[in-house]
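Before any comments, here is the structure.
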Amino acid sequence: MFTNFIHAPHGEMLCIERINNEHLEKELFRMGVTTQSIVYRMNAELDMHTVKIRHKGGDTVLSGGMGGKILAHLDDGRIIALTEMKVGEKGHIEAVGGGEEFLSAMKNLGLEQTQEFEMIRILPPMEYITLINKNRRERLSEGMAAKIIGKLENGETVQFANSSAGSNFVVEKVIGGENAQKIMQAFNIKQGDILILESVENAPTYCLGQGEHFILANKEGLRIYLKKDQAEAIIVSYTDTNHNEELAE
């Protein structure tokens with residue numbers, strides 16, 4: 001199917017067919033994005049600030065989308081979104097805005113209602129350089145790394161975001177909603193895969209204007225923040241899996 005980038009689905013691999021803006025085409029070319037480049041539309045929730053909190057069960061990394069669904073009751077009496085907390089502030093989980101799927105994800109991370117915790121770090125956009133099954137290398141965003149749960153060589157269950165460099169990490173599950181699951185499928189990461197964290201680097205990001213943004217990303221870790229008119233100028237193609245499934249029935 002063909003559409004402009006604004007109406008492209010989140011998480012699907014997209015092929016850029018043409019760019020109907022000469023200036024934008026030149027700008028994207030400088031960043032290594034051209035016609036026939038394979039990209040995807042990143043959900044804004046995955047791009048929100050990822051944070052690290054400390055609680056009785058240890059340290060947990062929360063993607064911005066997850067943190068934004070949790071209301072924190074701070075020790076000073078304020079009730080705010082967890083992602084609005086500053087480093088060093090303490091409180092407990094007051095309420096959770098997600099459904100059963102999100103509650104299950106929290107449980108997998110060792111978090112529960114009334115859990116006391118401290119905000120210890122706000123993470124900038126990062127990419128985790130990862131060797132998968134010792135035969136291919138991918139760059140995972142910090143939000144993606146936070147959603148992969150698995151075991152270290154010593155048997156400890158952790159998030160991949162908390163994995164040690166150079167150690168084998170066996171994938172047990174991927175937490176998160178449909179968009180997160182689609183992106184993991186696009187990266188072909190599944191239960192039983194062996195991941196080895198090689199390094200963590202700053203993610204290359206480019207903002208092409210102010211206001212509402214549509215995030216174009218690729219598997220090399222690039223993130224480009226497009227204005228609405230720029231996103232409209234990019235025509236992409238993708239496979240409509242839902243349509244194909246209907247035809248098969």
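The values are calculated or read from the model by the stated rules, or taken from the named source; none is laboratory data. Just so it is clear, the structure is predicted and the values come from calculations on it, not from any experiment. Virtual Cβ from ideal backbone geometry, glycine too; neighbours counted across all protein chains shown. For the accessible areas, the whole protein counts, side chains as well, though only heavy atoms, and no ligand, DNA or RNA atoms are used. Shrake-Rupley method; radii C 1.70, N 1.55, O 1.52, S 1.80 Å.
Annotations
- Rough spin-label spacing in nm, given labels placed 7 Å along Cα→Cβ, for Glu220 and Glu17: 2.4
- Applying the criteria of a DSSP loop state and at most 10 other Cβ atoms within 10 Å to the trypsin sites (Lys or Arg not before Pro) of the range 1-82 yields Lys56.
- For Thr50, nonlocal amide neighbours, meaning residues 5 or more places apart or on other chains whose placed amide H falls under 5 Å from its own, are Gly64, Leu123.
- The charge dipole of the chain, taken about its Cα centre with unit charges on the Cβ atoms of Lys, Arg (+1), Asp and Glu (-1) only, comes to about 580 debye.
- P(r) tail fraction, the range 1-60 - alpha-carbon pairs more than 17 Å apart, %: 56
- Surface analysis of the range 123-195 yields an accessible area of 41 Å² per residue, using protein heavy atoms and a 1.4 Å probe.
- Given Lys90/Lys227; Lys56/Lys147; Lys56/Lys173; Lys182/Lys227; Lys107/Lys182, the pairs whose alpha carbons are separated by over 28 Å: Lys90/Lys227
- When the Cα positions of Leu111, Asn133, Leu152 are compared along the charge dipole of the range 91-249, Asn133 comes out farthest toward the positive end, with charges on each C-beta of Lys, Arg, Asp and Glu.
- In a reduced charge model with +1 at each Lys and Arg Cβ and -1 at each Asp and Glu Cβ, the range 117-246 shows a dipole moment near 240 debye about its Cα centre.
- Of the beta bridges in the chain, as assigned by DSSP with both residues counted there, near 95 percent are antiparallel.
- Straight-line cross-link partners of Lys134 among the lysines, defined as a Cα under 17 Å from its Cα and at least 8 positions apart when in the same chain: Lys151, Lys190.
- Segment Lys107-Thr34, length gained on full extension (0.36 nm per residue, minus Cα span): 22.1 nm
- Protection proxy ranking of 59-67, 132-140, 228-236, by the mean of other Cβ atoms within 10 Å over each peptide's residues and highest first, is 59-67, 228-236, 132-140.
- For the range 64-114, taking the reciprocal of the average inverse distance between every pair of different Cα atoms yields a Kirkwood hydrodynamic radius of 11.1 Å.
- Rounded percent of accessible protein surface that carbon and sulfur make up, the range 119-168, 1.4 Å probe: 44
- Mean residue ellipticity (222 nm) of the chain, computed from DSSP H runs ≥ 4 via -39,500 (n - 2.57), nearest 500: -5500 deg cm²/dmol
- A simple charge model with +1 on the Cβ of Lys and Arg, -1 on the Cβ of Asp and Glu and nothing else charged puts the dipole of the range 1-112 at about 260 debye relative to its Cα centre.
- Accessible-area composition of the range 36-90, carbon plus sulfur, in percent [1.4 Å probe]: 51
- Relative compactness, the range 101-249, computed as alpha-carbon Rg over 2.2 N^0.38 Å: 1.19
- With semi-axes defined as the square roots of five times the eigenvalues of the C-alpha gyration tensor, the equivalent ellipsoid of the chain measures 32, 22, 18 Å, largest first.
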